[in-house]
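The values are calculated or read from the model by the stated rules, or taken from the named source; none is laboratory data. What you see is a predicted model, and the numbers here were worked out from it, not measured in a lab. Because the Cβ atoms are built from the backbone with ideal geometry, glycine has one as well, and the counts that use them run over all protein chains shown. Ligands, DNA and RNA are excluded from the accessible area calculation, which covers all protein heavy atoms including side chains. Shrake-Rupley method; radii C 1.70, N 1.55, O 1.52, S 1.80 Å.
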Amino acid sequence: KLSQYEISNLRYSYSFHFLKARLTFSLTRYQASISEYEKAGEYALQLHDYSRLATCNESIGVTYGVIGNYSLQLHYHVLAKSIREEHKIYDLIGNCYINIGLCYMNLGDKQKAKEYYEQGIVYQVQKQLNYDIAIGKLLLSKVIDHPDERLQLLQESLDIFTVCNDMYRCAEANIDLGITYIQMELYQQADECLDKAHLFLQDKSKDPIRG
């Protein structure tokens with residue numbers, strides 16, 4: 001059994017490497033970031049902190065996605081999901097499914113992406129995580145072929161992003177709405193959506209990053 005001193009040291013080491021991983025990611029030093037997440041994960045494992053271990057693997061998956069290595073992106077997101085399921089950590093399990101869906105979308109498998117997105121949304125609804133539901137529906141819309149179903153998903157996600165004051169996601173949803181309307185040859189509606197997207201991108205006063 002670890003002493004309190006040893007536990008404190010492990011927690012400090014975990015925090016140090018996890019924060020360093022986030023910093024190096026922000027500096028676009030992606031391989032260094034992956035290395036730091038791996039070190040943080042080792043300390044989380046020694047602490048038997050499986051929630052943080054899953055988060056480290058998830059973060060590695062995100063980083064590989066940014067690099068464009070979608071096979072390893074999938075590997076680490078599946079690993080994060082397995083850890084959470086094995087240790088019955090269900091608070092973020094919906095995110096695991098959404099992330100895996102994104103991996104399959106990146107790999108060009110729209111059917112598997114659709115299946116994982118839909119399952120992820122089910123979990124998000126159960127947990128009443130409205131913003132995460134909106135992200136799931138936005139991503140799901142990108143692998144849906146039927147335009148009416150796509151419009152409904154996009155509008156539902158847009159409504160939530162508007163309430164959450166996420167201007168960039170509002171812009172993205174409006175751009176996707178515009179593209180869908182163009183495919184349906186509804187050009188007036190498409191023009192209105194694209195104009196809204198432009199306004200959202202210009203409205204820096206509502207930018208949640210800058211406050």
- request: Could you check the simple spin-label distance between residue 191 and residue 50, using points 7 Å along Cα→Cβ, in nm with one decimal?
  value: 5.8 nm
- prompt: Roughly how tilted is helix 4-26, in degrees to the nearest 10 and between 0 and 90, from the longest Cα axis of the chain?
  reply: 40 degrees
- request: Return the Rg/Rh value of segment 1-42, two decimal places, where both radii are evaluated on C-alpha atoms and Rh is the Kirkwood radius.
  value: 1.12
task: Leaving out ligands and nucleic acids, note down the accessible area per residue over segment 70-210 with a 1.4 angstrom probe, in whole Å².
output: 54 Å²
field: Gain in span if fully extended, residue 107 to residue 125, counting 0.36 nm per residue against the direct Cα distance
entry: 3.8 nm
- request: Could you calculate, for segment 101-210, the ratio of the Cα radius of gyration to the Kirkwood radius, expressed as Rg to Rh?
  value: 0.99
query: trypsin sites (Lys or Arg not before Pro) within segment 61-106: which are DSSP loop residues with at most 15 other Cβ atoms inside 10 Å?
result: 88
query: What is the spin-label model distance, in nm, from residue 163 to residue 90 if the labels are put 7 Å beyond Cα along the C-beta direction?
result: 2.3 nm
field: Descending principal axes extents, segment 12-93, alpha-carbon based, whole Å
entry: 34, 31, 17
task: State which entries of 81/112; 81/110; 142/196; 110/137; 81/114; 20/137 exceed 24 angstrom in Cα-Cα distance in the structure shown.
output: 20/137
message: For the chain, what does the convex hull of the Cα positions come to per residue, in cubic angstrom?
response: 137 Å³
The chain, relative contact order in percent, only Cα pairs under 8 angstrom and at least six apart counted: 10 percent
The chain, accessible surface, carbon-and-sulfur percent (1.4 angstrom probe): 53 percent
- request: For the chain, find the longest principal axis of its Cα atoms and tell me its angle to the long axis of helix 70-86, 0 to 90°, nearest 10.
  value: 60 degrees
